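Just so you know, all these numbers are worked out from the coordinates, no wet-lab data involved. The structure displayed is predicted, hence computed values, not measured ones.
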Amino acid sequence: MALQISKPKNTALDIDISPPAKSTVRVSLTLLESNARSYSHANGEVAGIIFPFKQNDTLIFMVARGELKNETWDYVYLNPFTGKAMGVWHRGESYSLGDRIVNLLGPIHFGTDWGIFVKIIWAVAGLALPVLFLTGALMYWNRSLRRKWMEFQSRISTSQGT
């Protein structure tokens with residue numbers, strides 16, 4: 001019975017959670033964790049908790065589906081006073097082309113999903129800029145500074161020889 005929303009709600013702007021009028025006592029963390037697991041698809045392991053910054057913010061549980069990879073977490077937004085789910089974002093489940101592109105950004109950036117071959121390509125690409133800088137500096141040295149260096153050396157040797 002999980003609520004599905006296509007994007008996480010901005011807890012500071014979209015949701016106003018007021019404590020119940022009777023009491024400001026919060027629900028225990030164990031009960032909140034079990035609620036978060038029940039609203040997640042996989043009833044998986046809790047990968048992290050984001051505590052509220054302000055009194056009227058939601059408590060966010062990150063529940064892993066399968067592996068503890070950031071791309072496959074369910075974000076369960078809970079009311080910290082009642083334990084009720086305010087919303088669930090199933091990260092990694094593609095809803096649109098934009099969501100698919102955003103979900104690919106992490107694996108493409110870190111090269112994590114396509115094996116050792118892609119990691120080697122990423123390592124070579126990462127070393128390309130420093131190598132280009134060094135070869136450019138070497139070419140600059142050989143073209144312009146080398147003549148100046150040779151002139152300087154010849155002036156020093158003639159001044160010492162006199």
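For the stretch 138-162 versus the stretch 75-89, the inter-centroid distance based on Cα atoms is 73 Å. Summarising the amide proton neighbourhood of Ala47: residues at separation of 5 or more, or on other chains, whose placed amide H is nearer than 5 Å comprise Met62, Val63, Ala64. Once the mean of 1/r is taken over each pair of separate Cα atoms and inverted, the stretch 23-162 shows a Kirkwood hydrodynamic radius of 20.2 Å. Computed over the stretch 114-162, the P(r) tail beyond 16 angstrom holds 62 percent of alpha carbon pairs. Taking every alpha-carbon pair in the stretch 29-110 and binning the separations at 5 Å intervals from zero gives 3, 17, 25, 21, 17, 11, 6, 1 percent.
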